Amino acid sequence: MNANESNFQKIYKTFQPRILRYLTRLVGKNEAEDLTQEVFIKISRGLKDFRGKSQLSTWIYRIATNAALDKLRSPSFQQIIQKKLMGNSVVEGEEYEEHKDVWTGEIIPPIDQDLIRKERSKSDSIVPG
């Protein structure tokens, strides 16, 4: 096993559970496992080019966040969300309003802005291990 493989194994062992939990909160359990594997494939391929200009954890969470945002923006995922929202509509035939909480009527920020805010606050609180 060369140094890159050894480093990747350590990174995977340390970050895989964290990234899986993070992605589960962002995209749901059904999508999170596959997306976590995609994230670690990207990490494996990009590890040799990581220059250390940021903390490793910041780089890893940025890859995970970008993967989640790509998934959330994908047409197939949007269709799934629309179907679920329409199925849970309080009044039959009621249209889903994109930036309003269905139950409280409160205005909520667009999903990508909210994800970025959450990701920033999490990376600020991550202690390198």
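Taking R0 as 41 Å, what's the FRET efficiency between Gln9 and Met86 from their Cβ-Cβ distance, rounded to 0.05?
Numbers: r = 44 Å, r/R0 = 1.08.
For R0 = 41 Å, the calculated efficiency reads 0.40.
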Check: So, in nm, how far is label Lys53 from label Asp34 when the simple model puts each one 7 Å beyond its Cα toward the Cβ?
Finding: 3.3
Next item on the list: Could you pull out the pairs from Lys71/Lys122; Lys48/Lys118; Lys29/Lys122; Lys83/Lys118 whose alpha carbons sit more than 24 Å apart here?
Entry: Lys48/Lys118; Lys83/Lys118
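Every read-out reported here was derived from the displayed coordinates using simple, explicitly stated rules and does not represent laboratory data. In this text the structure is predicted, and so the values were computed from the model without any measurement. As a convention, Cβ positions derive from the backbone with ideal geometry for all residues, glycine included, and neighbour counts pool all protein chains shown.
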